[in-house]
Amino acid sequence: MMENIVILGSGIAGCTAALYAARAELKPRVFSGPEDGGQLMLTTVVENYPGFPEGITGPELVAKSKKQAERFGARFEYGIAQSFKKNKNGLELDLGDQKIQAKTIIIATGASARWLGISSEEKYKSRGISTCAVCDGAFYKGKEVIIVGGGDSAMEEALFMTRFASKVTMVHRSSEFRASKIMQEKVEKNSIIKVIWNSEIVEFNGDGKKLNGVKLKNNQTGKVTNFKCEGVFLAIGHVPNTKSFEGKLEMEKGYIKTDRFTKTSVAGVFAAGDVQDFRFRQAVTAAGSGCMAAMEAEKYLADL
């Protein structure tokens, strides 16, 4: 059976694309990968998504978006794309256990935030540990927080958090930042921000429900100290989920390259959300690009 639109990913970008495609009566088939719902599933409360003045939890926003798309005929199922190829009929998508024929594909597989990978980290995700200051910063008003990282993203997170936190401490594993000079100067001039060099978090402390500090290890001396804080923001990068499309699509820094209409380098293949957005990575921008991708896919189908 030839599908009109296959959407890869069930985060807010994929769900929005599914909604628009379904309302256009294109009966989209949506495949949810191992991180069903995407980054929003790790966000406790979303307060910057329009239409929810009281806020909404990340999982609830995804569930409502999915239900809305299903109402118009979108079909959701589990599946991980291995690759795809062009054929005489359109596109063939390889999901390992099955091959699917499609006229268009929308890739909305997102990007996964890098984590430290220590055992206590899992316990305090969304309970004191975050990967997005813009998303969660307001919850730490008047509190002490740590920013982990040394690039431009870490600088931006630290500067943003000075609007809310009483004290911002940057923890960096090296003796110098790799961020641009101008960003470093902004951080140095801000009296709220302090820096701890040559150090790494080796353990997250708390009561099991909420973070209340970390253990820091100096990688030069080996000394371990306890540091009290109520929030940790990891700014050590994101990994776009694009491995399956390497060599198939044009990419930039691992992200799928698109034009301003979400078109990729292969006709009939579109990309939306964090998989092609290395700058904003917000729920609202992901939803917007999901809408664009579905509308462009609909136009592409009409032109066939």
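Side notes on the structure shown:
- Only one entry in Lys143, Lys67, Lys123 is assigned by TED's automatic domain parsing to the domain that holds Gly208 and more than 30 Å from Glu176 (Cβ to Cβ), namely Lys123.
- A single member of Ile118, Ile129 is over 23 Å from Lys257 (Cβ atoms), in contact with a helix residue (DSSP H, G or I) (Cβ under 8 Å, 6 or more places away or on another chain) and not polar (S, T, N, Q), and it is Ile129.
- Scanning region 23-45 for residues that are of a type in the set (A, V, I, L, M) and under 23 Å from Phe84 (Cα atoms) yields a total of 2.
- When Ala267 is tested against (1) among the hydrophobic types (A, V, I, L, M, F, W, C); (2) in a strand (DSSP E or B); (3) surrounded by fewer than 15 Cβ atoms within 10 Å (Cβ to Cβ), just one condition goes unmet, and that condition is (2).
- Listed by position, the strands (runs of 3 or more DSSP E) contained in region 200-254 that have at least 3 residues being without any contact (Cβ under 8 Å) to a residue 40 or more places away in the chain are 211-218, 224-228.
- Restricting region 160-214 to residues that are surrounded by 16 or more Cβ atoms within 10 Å (Cβ to Cβ) and hydroxyl-bearing (Ser, Thr, Tyr) leaves a set whose member that is nearest to Ile129 (Cα to Cα) is Thr169.
- Here Gly117, Gly96, Gly51, Gly73 are screened, and the one residue that is free of Cβ contacts under 8 Å to residues at least 60 places away in the same chain, touching a Pro at 6+ places or on another chain (Cβ under 9 Å) and in a loop (DSSP other than H, G, I, E, B) is Gly73.
- Pairs linking a residue in region 156-182 that is over 12 Å from Asn198 (Cβ atoms) to a residue that is modelled with pLDDT of 95 or more and of a type in the set (Phe, Trp, Tyr), with Cβ atoms under 8 Å and 6 or more positions apart or on different chains, are Glu157/Phe233; Met161/Tyr140; Met161/Phe233; Phe164/Tyr140; Ala165/Tyr140; Thr169/Phe227.
The values are calculated or read from the model by the stated rules, or taken from the named source; none is laboratory data. Note that the structure is a prediction, hence the values are computed from the model and not measured. Here the Cβ is made from the backbone with ideal geometry for all residues, glycine too, and neighbour counts use every protein chain on show.
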